Amino acid sequence: MNIESQDFYTQAILSMSALVGLTSFLMLGQGRLLRLIFVFAIQGLLLTLTTSLAAFSLDNPHLYISAVLTFALKVIFIPWMLQKQVLAMNLHRDVEALKNNTAVMLGGASLMVFSYYVLQPIIHTSSMIMLNALAVSLSVVLLGLMLMISHRQAVAHVVGFMSIENGLFFAAIVATNGMPMVVELGVAFDVLVAAILFGIFFLHIRTSIDSLDVDMMNKLHEVDK
Amino acid sequence: MNWIIAILQTTLFVALAPFLAGFMKFCKCRLQNRRAPSLFQPYRDLLKLTRKQPVISEDASWLFCAAPYIIFTAMVLAASVVPFIAVDLPTSAEADVIVLVGFFAFARFFLALAGLDIGTAFGGMGSSREMTISSLAEPTMLMAVFTLTMTASTTNLSGAIEHVLNEGLILRPSFVFALFALLLVAVAETGRIPVDNPTTHLELTMIHEAMILEYSGRHLALIEFASQLKFMLYGVLISNIFFPWGIAEDFGLSALGYGLLVITGKLIFLCVVLAFAETAVAKMRLFRVQEYLGFAYLLGLLGMLSHIILESTR
């Protein structure tokens, strides 16, 4: 199964999955919040392109609605909201000193290998494109988790969470040619509600510990250690 | 007959290089709301410099005088290897892509030696910086080019380009990565803005300019010409590897003319994109350059990996 023998849709999906994986890595190594949010928006844009591609080539018009929703939410609304909050809380000048950045990146790379390893059995039952695209989306999910572990700012945690959702969404488009409309609408509104709730959480964390750095939460201990 | 066309192509390449540099300057000036110098200004500068008498320090050795000729020759030879308006020429059959990278390294080696030779502080500083950057940029370039050669299973540049041409439009993830990696390397290697500023007057921030600070007259003209050639080489390499459509496959007059037209269009497009990028981006601190090139290397590596993982037979 060479790439030359695949149709154009498969090639495009493979290219998209490679780029989505790249944006996940970029987010993992990013110390500045505004740039992190920008890369997140680019990932959303890639998802939108993938969805519209699937809608076009599979002749599945309801996927266009989902593409529009993705674009409105993940490329415009959520990044805009996060950016506004970062600017309002004056976090955009902080460069988060990532502890052992190299180890995190290497860990990310091994997570990618791990997802290929886990999905290897699938190859017997499905096509090659499925294996690759699923492996990339699984690693996007795992890299999102990794992003939440390795960064200390709460805003970065939210971006990590949202990128986990991106990974699942990508898998859904590629593997099942889009979920039913109801599910997609539900997920989209879940994400929207989550984004707004996170905004409220930011305010609360900030008023209680004067910072969005989650390491500072230790201040909430009753007894001094 | 083929040899005549190859020589003509190389001559055309060399003759057009200053024009491209002039066009690049024109784009940048227009974007920055300045009045641009004439497109032929680089030719006039080169002519003026060749007429002037070179001033050579009394501490300079023979190497200092020989280096410009060596560098210029290496660049002209490199220009003869790269398919410009036609593939399958005898010159490009003689040498493959590793030789091309070797020509670049050869020229850079002599340029760095010439910078050290005169014994001034800035020359040595420029040489050390140039070598640091190129030690990071060269593996990336090789990695990006190897992605192409692995796909085409030949290291011959015109063979690889023909392979890409013949199999039609195939979207390869590895090529997307390799293209970005090669673009970043090209910016670093030709000394354009985020890495080095070719128009700087501040000795402390110079890289390329610091090495050639002591050159004057025809020596300076040759080195300037060589760096214009290098700029065009990277441009042609990027546009012909990744977007080879339109390059002449036979040596009929109409095919060659069409090829020239298409490559001019591609180079103009590339120049405009580069001018936009240079206007939007500020120059990096020197110690950030290794991050930038590390990212380029990551892209090159990802290109290679996605060629192996995503595209290969299983």
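All of the numbers you see were taken from the coordinates with simple rules; none came from a lab. As the structure is a prediction and not an experimental result, all values here were calculated from the model. Backbone-built Cβ (ideal geometry, glycine too); neighbour counts: all protein chains shown.
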Practice problem: At 7 Å along the Cα-to-beta-carbon direction for both residue B:308 and residue B:132, put a label point, then send me their distance in nm to one decimal. | Solution: 3.1
Exercise. Return B:285, A:152 ranked ascending by Cβ neighbour count within 10 Å, so the fewest neighbours appear first.
Key: B:285, A:152
Quiz item: Alpha carbon centre of segment B:50-67 versus segment A:1-68: separation in Å?
Solution: 56
Self-check item: Dipole moment magnitude, nearest 20 debye, chain B about Cα centre, only Lys, Arg, Asp, Glu C-beta charged
Solution: 1060
Quiz item: Counting other C-beta atoms within 10 Å, which of B:130, B:58 has the fewest, and how do the rest follow?
Solution: B:58, B:130
Quiz item: residue B:282 versus residue A:117, label points 7 Å from Cα toward the beta carbon: distance in nm?
Solution: 4.4
Quiz item: Placing +1 at every Lys and Arg Cβ and -1 at every Asp and Glu Cβ, with all other atoms neutral, what dipole size does segment A:7-192 have around its Cα centre, in debye to the nearest 20?
Solution: 620
Quiz item: Given H placed on each backbone N at 1.01 Å, which residues far from residue B:248 in sequence or on other chains put an amide H within less than 5 Å of it?
Solution: B:86, B:87, B:259
Quiz item: What order do you get for B:28, A:74, A:84 when you list them from fewest to most C-beta neighbours inside 10 Å?
Solution: A:84, B:28, A:74
Quiz prompt | ³J(HN,Hα), Karplus 6.51/-1.76/1.60, whole Hz, each residue of segment B:196-211, x for Gly, Pro | solution = 9, 10, x, 9, 6, 10, 9, 4, 6, 9, 6, 10, 5, 5, 5, 5
Quiz item: Near residue B:52, which aspartates and glutamates are there with a Cα under 17 Å away, not counting those fewer than 8 places off in the same chain?
Solution: B:214, B:224
Quiz item: Once the piece of chain linking residue A:106 and residue A:64 is laid out straight, how much longer is it, given 0.36 nm per residue of separation minus the C-alpha distance between them?
Solution: 11.4 nm
Quiz prompt | Spacing of the two label points (7 Å from each Cα toward its C-beta) at residue B:35 and residue A:88, in nm | solution = 5.0
Quiz item: Taking square-rooted eigenvalues a ≥ b ≥ c of the alpha carbon gyration tensor, is segment B:2-308 rounded, prolate or oblate, where a/c under 1.5 means rounded and, failing that, a/b exceeding b/c means prolate?
Solution: prolate
Quiz item: Over segment B:168-214, what number does the Rg to Rh ratio reach, with both radii from the alpha-carbon atoms and Rh per Kirkwood?
Solution: 1.25
Quiz prompt | Derived scalar couplings ³J(HN,Hα) [segment A:105-112; Karplus, 6.51 cos²θ - 1.76 cosθ + 1.60; whole Hz; x for Gly, Pro] | solution = 5, 5, x, x, 4, 6, 5, 5
Quiz item: Taking the Cα centre of the protein assembly as shown as origin and charging only Cβ (+1 Lys, Arg; -1 Asp, Glu), how large is the dipole, in debye to the nearest 20?
Solution: 1340
Quiz prompt | Residue-wise HN-Hα coupling along segment B:47-59, computed from phi with Karplus coefficients 6.51, -1.76, 1.60 (Hz; x: Gly, Pro) | solution = 4, 4, 5, 5, 6, 7, 7, x, 9, 10, 5, 6, 8
Quiz prompt | Helix-derived mean residue ellipticity, 222 nm - over chain B, DSSP H n ≥ 4, -39500 (n - 2.57), to 500 | solution = -24500 deg cm²/dmol
Self-check item: Relative contact order for chain B, counting Cα pairs under 8 Å that sit 6 or more residues apart, in percent
Solution: 28
Self-check item: R0 of 30 Å, Cβ-Cβ distance residue B:170-residue B:98: FRET efficiency to nearest 0.05
Solution: 0.75
Quiz prompt | Linear extension gain, residue A:193 paired with residue A:76, 0.36 nm per residue minus alpha-carbon span | solution = 40.6 nm
Exercise. Any chance you could tell me what percent of the C-alpha pair distances in segment A:7-192 go past 28 Å?
Key: 24
